[in-house]
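Enquirer: Got a structure for you, questions after.
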Amino acid sequence: MKRFTLVVGLVLVCSVVLTALVSLVWTPFDPIRVVAADALLKPGWPHLLGTDAFGIDIVSRLMIGAQTTLQVGIIAVSIAAVVGVPLGVLAGQGSGWVSEVVMRASDVVYAFPALLLAILFAAAFGGSTWTAMAAIGIATIPAFARVARAGTLHVMASDYVLAARSCGTSRMGIAVRHVMPNIAPLIGVQASVAFATAILAEAGLSFLGLGTRPPTPTWGRMLRDAQNLLFGDPLQSLWPGLAIALAVLGFNLLGDGLRDYLDPQLREVS
Amino acid sequence: MTHTTKVEGRSRWQRLLLAGLVAMGLLTAAACTQQPTVTVKKFVIGASAEPASMDVTTSPSAAGPQVMLYNVYETLVRIDGDGKMRPMLAQSWDISADGRVYTFHINPAATFASGTKVTGSAVVKSQDKLRSDAATTTVLRTQLADVATVTAPDDATVVFTLKNPSQNWLYYMTSTAGIVFDPTLIGEAATKSAGSGPYAWTAWNKGSSVVLTKNAKYWGTAPRFDEVTFRYFTDANALNAAMLAGDLDVISNVQAPEALSQFSDTSKYTVLDGATNGEVTMGFNHQSPALQNQNVRKAITMAIDRAALIKTVWAGKGQLIGSMAVPTDPYYVDLANAVPFNVAEAKALLASSGVAMPTLRIRVPALAYATKSAQFVASALNEIGIKTTVDELPFPATWLDQVYKNGDYDITIVAHVEPRDINKFADPTYYWHYNNPAFQALIAKADTEPTEAAWLADMADAQKVLTDDAAAVWLFMLPNLVVTKNTVTGLSPNAVTLSFDLTGVARR
Amino acid sequence: MIRRVGARLGILAASLLAASVLIFVVCSALPGDVASVILGEGATPDQLATLRHQLGTDRPLPVQYLSWASGMLQGDFGRSYLSGDSVASLLGPRLAVTFWLVTFSLILALLVALPTGMYAALRRRHWDGFIATALAQIGMAIPAFWAGLLLVAVFAVGLHWLPANGYVPFAEDPGSWAAHLVLPVLALGLIQGAMLTRYVRSAFIDVLNEDYFRTARAVGWTQGRAMVRHGLRNASLSLVTVLGLQLSSVLVGAIVIESVFALPGLGTMLLQVVTQHDLQVVQGTVMFLVAVVLVVNALVDVSYLIIDPRLRGERE
């Protein structure tokens, strides 16, 4: 059962990644060029899933959309991890007040949900992939800081760290040699879950018209464009909706699968 | 685990559970309740933009007049659905030979909803408010700038003296600039209904709706509904869904024409496709070096297949236009095909211009017609080798600031919905920075022409000048797409005024 | 303990201060000049300057911040630049909409998550428990706004059972009020319920592994009885925390759901005032939402301190 979760997650995530990689070099049709005569074709040949209101092939747009989705996820999660993990390790290793300051600051940031932050950013700098990624990334920092701190506290209490400390190894040395390798799996799990959240947040932003600019196709944007046809041509919104749901499902399952698969001891602290 | 925890824990969960069950029960019960039998005749209109204030003279937005004009507030003269001038509070009017003195004869039957008679002095007081109140918008004050004096020799007469003859002034008087307020309530127009129309506004639920109630003492033909509600939707799909669910009688203007196929069942719905004053204008920033070249602008015009654009962007609704005028304008000249779509010629013209084309920044307001048109235009310009980037700017604030005020753009797309707005091209400080002295002279001459015929001739020339110079690309006339339940009658298909005119509307 | 509660409240005050500075800084970075929005086309530079002076937007930023912050301490959240209404009077009627949406959605989420999560935990080694978990995973993966659109398509447009969108105040017509809330609450509550199910499941799996639970089973209690007597009580502690944390996710979900269902709540107002560049209302609304999240989480921590004796002495 545990394996099953992991395998399904891996398969879904790999198909998203593969699709994005293939779309870098090949899509069945031009994903941007408007062909007025081909507007709103039903699924068939050569347009397997039909075309949108601009006469653009939906398969091609979905493929390019996978790129944007991964881009948003990777950058947002990187921002969150690069800032959050060192802060969390610092809080876990440091004295009481350092820990307190870091965790309380992270509480304040936590009170700004990604979407709220993104609405403000989008208004300040115009809606774009970058404001969306920055907002999602910043809002996800606390999650990484918490996980890293909890993992660090756990590792710091272990016998081998006590031994290392008694040998006079510096804090930095312990962090690099003992803490980081031990919490890496935890961070991996968190990254996978955060990735899923980032995809959903980007879709929400695109739906509100605050996400990626046209003509770059994104799944959220496709869903937004298709919603006006929801009651007449529901297939138009089915495809991007499914793509979002499957990608989110994939990353969530991957995270869960990893968590169960990895050192069961770490389960307690995550 | 202590005793305290036990009690706290259990009772908290029990209480929460109980509250939840009660709430769900309530919701389910409500869902099953039938609507109570309706005795009041209600009419519900779905609209997209909510008024900023109930005093329509204080906001430039067209959302206020949509509800108020002709329904709550009346004017001396009005424009009917065909664009013709008609009497309203004034039975008739005389114009002096030099075109400077207008004498209006007020209908003796006319009263305000409060019962007060509509008199010449009420018109004078309203004009004082419109012309000198600090809260009145700049647009209105500009429209009334030609007025020298307004006097009321007796209760049934009001005389306007203009500084110079003006072809536009009487037209402005049919809209917000001509509203006559109840003199007893004129100071409280933002909080109280102060008009003489068939309805009075009785509630404004901010973010949601404005409610009009029948004026039982209306001096003209009695209103047909007891209560009219304008419901506001920021989301086009939510508006369509409400109509499809049967919650609305009318969609006042469809914001997503591709959704019209959902209303194709003629046993349930009627779709009206009429004219508006809106020119969807793809404006060039004439300060951008590359766009100062007339051949470049012409090449861009030729590169865009506007017939195909209307089809993909606005579901084939709307009309091709070729200059800054719409077919309901009295001076309209058909220039729709003056610069036909031709990719090969566009490429040749671009090459012959010798301009090294930079990447053009298309910066549009985040409104459906603009963002979709931008996507089409970006693809079309790519075909003739012009690279573009597209920005969607929140409207109005960011667009107004960056494009309108700071001129930070190369191309933008905006529907200019103000009536008879060709004179905007005569203002070199306006955001296009279009500076053509010949055109400016022509517009100035036109307004002061003594005869209508001369005015019409000048205005026809003005449209041709703009087209020949490729001053902008006029993508299409924004259609007035109205969806009604098929039981609704009497709506004008054309939106030639700012008013959503309820006077002729009925339900079978 | 009183000292610890006091310390927590002190931290809350500091957090509120930090949040207010953050919000003010971001809002001040917004481009666009509210004066030109108010005056519209054709305003002269003189008129713009006069209006900016009247509104106070020509003052240095620190001065603007202090006047805003000190106003809030006295309960004055500022005035809308556009309409002149006080921010508090704008928030008031919209608050009710968002409050009901969020409250009912949280209740629905709990009603879905508790039984499903408990079941999934108990039967975690069986196929039916696995299906419960899988359903939760699928629910989590569906964007809430899409779920909302589908609900509208089925129950409003298709079956005509419920109004598609909009809002009627309770005082006006309680039946209609409830009918208008059903679909948005379903959309938000079910998706949140799916997220919560995961937490409930793992909280109960933890309990199942505890010694006292095994003891209870060993002395002959049925699994169900042990679950209710021990499991619910112990899991509830971590669940209260999760509910507190979940609040910000529900509030954000509400912003999108309000937009789908054209509900005149805080979310739709926020989106509207951002595009209108009505700074004072943007600031006030965001500050209010953030304050709610911070205060609720502080209350959760404080109630924790009071309830759980193990936390009275030690650090969290």
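The values are calculated or read from the model by the stated rules, or taken from the named source; none is laboratory data. Just so you know, these numbers come straight off a predicted model, no measurement behind them. As a convention, Cβ positions derive from the backbone with ideal geometry for all residues, glycine included, and neighbour counts pool all protein chains shown. In case anyone asks, the SASA skips ligands and DNA or RNA and just uses the protein heavy atoms, side chains included. Shrake-Rupley method; radii C 1.70, N 1.55, O 1.52, S 1.80 Å.
Enquirer: When you look at the Cβ of every residue in C:149-155, what mean number of other chain Cβ atoms sits within 10 Å?
Expert: Numbers: counts 12, 5, 0, 9, 8, 0, 2.
Averaged over the peptide's residues, the number is 5.
Enquirer: Under the Kirkwood approximation applied to all pairs of distinct alpha-carbon atoms, what is the hydrodynamic radius of the stretch B:149-229 in Å?
Expert: Numbers: mean 1/r = 0.0653 Å⁻¹.
Kirkwood radius, the stretch B:149-229: 15.3 Å.
Enquirer: I'd like the mean, over residues of C:107-114, of how many other protein chain beta carbons sit within 10 Å of each residue's own Cβ. Mind showing how you got there, number by number?
Expert: Numbers: counts 8, 4, 1, 4, 6, 0, 0, 4.
Taking all residues of C:107-114 together, the mean is 3.
Enquirer: Taking only protein heavy atoms into account and a 1.4 Å probe, give the accessible area per residue of the stretch B:73-184 in Å². Mind showing how you got there, number by number?
Expert: Values: 4300 Å² over 112 residues.
Using a 1.4 Å probe on heavy atoms only, each residue of the stretch B:73-184 averages 38 Å².
Enquirer: Then there's this: So if I average 1/r over every pair of distinct C-alpha atoms in the stretch B:73-184 and take the inverse, what Kirkwood radius in Å does that give? Numbers along the way, then the final one.
Expert: Working: mean 1/r = 0.0711 Å⁻¹.
Radius from the Kirkwood sum: 14.1 Å.
Enquirer: Search the structure for amide H atoms under 5 Å from the amide H of C:Ser86, placed 1.01 Å from N in the peptide plane, and list their residues when 5 or more places away or on another chain.
Expert: C:Ser80
Enquirer: Between chains C and B, what is the buried accessible area in Å², counting both sides, with a 1.4 Å probe and ligands, DNA and RNA left out, to the nearest 100?
Expert: On the way: alone 17070 and 22460 Å², together 35320 Å².
Accessible area lost upon association: around 4200 Å².
Enquirer: Let me ask something else. What are the extents of the Cα atoms of chain A along their three principal axes, in Å, largest first?
Expert: So the extents along the principal axes, rounded to whole Å, are 76, 44, 32.
Enquirer: Also, I was wondering about something else. With a 1.4 Å probe on protein heavy atoms only, tell me which residues of the stretch B:250-274 lose at least 50 Å² of accessible surface in the complex relative to the chain by itself.
Expert: B:Glu258, B:Gln262
Enquirer: Determine how large the accessible area of B:Thr388 is when every protein chain is in place; take a 1.4 Å probe and give Å² rounded to the nearest 10.
Expert: 40
Enquirer: Shifting gears a bit: Given DSSP loops and a limit of at most 12 other Cβ atoms within 10 Å, what is the longest stretch of chain C that contains no such trypsin sites (Lys or Arg not before Pro)? Please list the in-between numbers first.
Expert: Details: sites that count: C:Arg125, C:Arg315.
Formally, the longest exposed-site-free interval is C:126-314.
Enquirer: What quantity of accessible surface, computed with a 1.4 Å probe and excluding non-protein components, is buried in total between chains A and C, in Å² to the nearest 100? Show your work: numbers first, answer last.
Expert: Values: alone 13720 and 17070 Å², together 26870 Å².
Between A and C, the summed buried area is about 3900 Å².
Enquirer: Then there is this: Can you send over the solvent-accessible area of A:Phe29, 1.4 Å probe, protein chains only, in Å² to the nearest 10?
Expert: Approximately 70 Å² of A:Phe29 is accessible to the 1.4 Å probe.
Enquirer: Hey, another quick one. When the Debye formula is applied to the Cα atoms of the protein assembly as shown, each taken as the same point scatterer, what base-10 log of I(q)/I(0) results at q = 0.06, 0.07, 0.08 Å⁻¹?
Expert: Per q value, in the given order, log10 I(q)/I(0) is -0.52, -0.70, -0.90.
Enquirer: Run the accessible area of the protein assembly as shown with a 1.4 Å probe and give the carbon-and-sulfur part as a rounded percent. Each step should come with its number before you reach the end.
Expert: Values: 26830 of 43180 Å².
C and S atoms contribute 62 percent here.
Enquirer: Apply the Karplus parameterisation 6.51 cos²θ - 1.76 cosθ + 1.60, with θ equal to phi minus 60°, to every residue of the stretch C:51-64 and state each ³J(HN,Hα) to the nearest whole Hz, in sequence, with x for glycine and proline.
Expert: Running phi through 6.51 cos²θ - 1.76 cosθ + 1.60 with θ = phi - 60° gives 5, 4, 5, 4, 6, x, 7, 8, 7, x, 4, x, 5, 4 Hz.
Enquirer: Using the heavy atoms of the protein chains and a 1.4 angstrom probe, tell me the accessible area per residue for chain A in square angstrom.
Expert: It amounts to 40 Å² per residue over chain A.
Enquirer: Do you know the relative contact order of chain C, to the nearest whole percent, from alpha carbon pairs under 8 angstrom that are 6+ apart?
Expert: Values: 337 pairs, mean separation 85.0, N = 316.
After rounding, I find 27 percent.
Enquirer: Give me Rg/Rg_expected for the stretch A:85-194, where Rg uses Cα atoms only and Rg_expected = 2.2 N^0.38 Å with N residues.
Expert: 1.25
Enquirer: Convert each backbone phi in the stretch B:61-78 into a coupling constant with the Karplus relation 6.51 cos²θ - 1.76 cosθ + 1.60 (shift: θ = phi - 60°), then list the ³J(HN,Hα) values in order as whole Hz, x for Gly and Pro.
Expert: 5, 7, 5, x, x, 4, 7, 8, 5, 6, 8, 9, 10, 10, 10, 4, 10, 9
Enquirer: Whole percent per 10 Å bin, from 0 to the bin with the longest distance: what is P(r) over all C-alpha pairs of the stretch A:170-270?
Expert: Distribution as computed: 15, 31, 23, 17, 11, 3, 0 percent.
Enquirer: Oh, and also: How large is the translational diffusion coefficient of chain B in µm² per second when you combine the Kirkwood radius over alpha carbon pairs with Stokes-Einstein at 20 °C and 1.002 mPa s? All intermediate terms of the calculation are to be shown ahead of the outcome.
Expert: Working: Rh = 25.3 Å.
My calculation gives 85 µm²/s for D.
Enquirer: Measuring from label point to label point, each 7 Å out along Cα→Cβ, what is the A:Thr169 to C:Tyr212 span in nm?
Expert: So the two model labels end up 3.7 nm from each other.
Enquirer: Same structure again: Regarding the stretch B:333-383, what are the three Cα extents along the principal axes, ordered largest first, in Å?
Expert: Cα extents, longest axis first: 35, 34, 17 Å.
Enquirer: Additional query: Percent relative contact order of chain A, based on C-alpha pairs within less than 8 angstrom and at least six residues apart?
Expert: The normalised contact order for chain A reaches 26 percent.
Enquirer: Going from most exposed to least, what order do A:Asp57, B:Asp305 have by accessible area with a 1.4 Å probe? Please report the intermediate quantities before stating the final value.
Expert: Values: A:Asp57 5, B:Asp305 45 Å².
Ranked from most to least accessible, the order is B:Asp305, A:Asp57.
Enquirer: If Lys and Arg each add +1 and Asp and Glu each add -1, what is the summed charge of the other residues whose beta carbon sits under 11 Å from the beta carbon of A:Ala164?
Expert: On the way: positive: A:Arg165, A:Arg171, A:Arg177; negative: A:Asp159.
Summing Lys/Arg as +1 and Asp/Glu as -1 gives +2.
Enquirer: Roughly speaking, what is the centre-to-centre gap between the stretch A:116-168 and the stretch B:152-180 when only Cα atoms are used, to the nearest Å?
Expert: After rounding, the separation between the Cα centres reads 67 Å.
Enquirer: Top to bottom by accessible area (1.4 Å), largest first, where do B:Tyr431, B:Tyr332, C:Tyr199 land?
Expert: Values: B:Tyr431 5, B:Tyr332 55, C:Tyr199 110 Å².
Most to least solvent-accessible, the answer reads C:Tyr199, B:Tyr332, B:Tyr431.
Enquirer: Nearest-5 percent of antiparallel DSSP beta bridges in chain B? If you can, show how the numbers build up before the last one.
Expert: Working: 53 of 70 bridges.
Expressed as a percentage, antiparallel bridges in chain B total about 75.
Enquirer: In whole angstrom, how far apart do the alpha carbon centroids of the stretch B:473-508 and the stretch A:190-260 sit?
Expert: 37
Enquirer: Given H placed 1.01 Å from N in the peptide plane, which residues other than close sequence neighbours of B:Ala415 have an amide H under 5 Å from its amide H?
Expert: The answer is B:Thr281.
Enquirer: Also, quick follow-up: Express as a percent, rounded to the nearest 5, the fraction of DSSP beta bridges in the protein assembly as shown (both residues included) that run antiparallel.
Expert: Numbers: 55 of 72 bridges.
Around 75 percent antiparallel, to the nearest 5.
Enquirer: Tell me the Rg and the Dmax, in Å, that the Cα atoms of the stretch B:279-477 produce.
Expert: 16.1, 49
Enquirer: How would C:Cys27, A:Cys14, A:Cys167 rank on accessible area, largest to smallest, probe 1.4 Å?
Expert: Numbers: C:Cys27 0, A:Cys14 70, A:Cys167 110 Å².
Listed by decreasing accessible area, they come as A:Cys167, A:Cys14, C:Cys27.
Enquirer: Once ligands and nucleic acids are excluded and a 1.4 Å probe is used, how much of B:Glu418 is accessible, expressed in Å² to the nearest 10?
Expert: B:Glu418 exposes around 60 Å² with every protein chain in place.
Enquirer: Can you quote the Å³ per residue value for the convex hull of the Cα atoms in the stretch C:1-112, rounded to an integer? Present the calculation step by step, with values, prior to reporting the outcome.
Expert: Numbers: hull volume 19.2 nm³, N = 112.
It is 172 Å³ per residue.
Enquirer: OK, next. In whole Å, how far is the Cα centre of the stretch B:279-316 from that of the stretch B:201-275?
Expert: Going from one Cα centre to the other spans 34 Å.
Enquirer: In whole angstrom, how long is each semi-axis of the equivalent ellipsoid of the stretch B:430-508, when you take the square root of 5 times every eigenvalue of its Cα gyration tensor and sort them from largest down?
Expert: They are 37, 18, 10 Å, listed largest first.
Enquirer: Return the sequence-ordered ³J(HN,Hα) values of the stretch C:298-305 in whole Hz as given by the Karplus equation 6.51 cos²θ - 1.76 cosθ + 1.60 applied to θ = phi - 60°, using x for Gly and Pro.
Expert: Karplus-based 3J(HN,Hα) across the stretch C:298-305 equals 5, 4, 4, 4, 5, 5, 4, 4 Hz.
Enquirer: Could I ask something else about it? Could you list which residues have their amide H under 5 Å from that of B:Asp391, counting only those 5 or more apart in sequence or on another chain, with H placed in the peptide plane?
Expert: It is B:Ile362, B:Arg363, B:Val364, by chain and number.
Enquirer: Hey, how much of the P(r) for the stretch C:87-277 falls beyond 25 Å, as a percent of Cα pairs?
Expert: Values: 8039 of 18145 pairs.
Percent of Cα pairs beyond 25 Å in the stretch C:87-277: 44.
Enquirer: Here's another thing I want to ask about it. Roughly how many Å² is the accessible area per residue of the stretch C:87-277, as a whole number, for a 1.4 Å probe?
Expert: Details: 6830 Å² over 191 residues.
Averaged over the residues of the stretch C:87-277, the accessible area is 36 Å².
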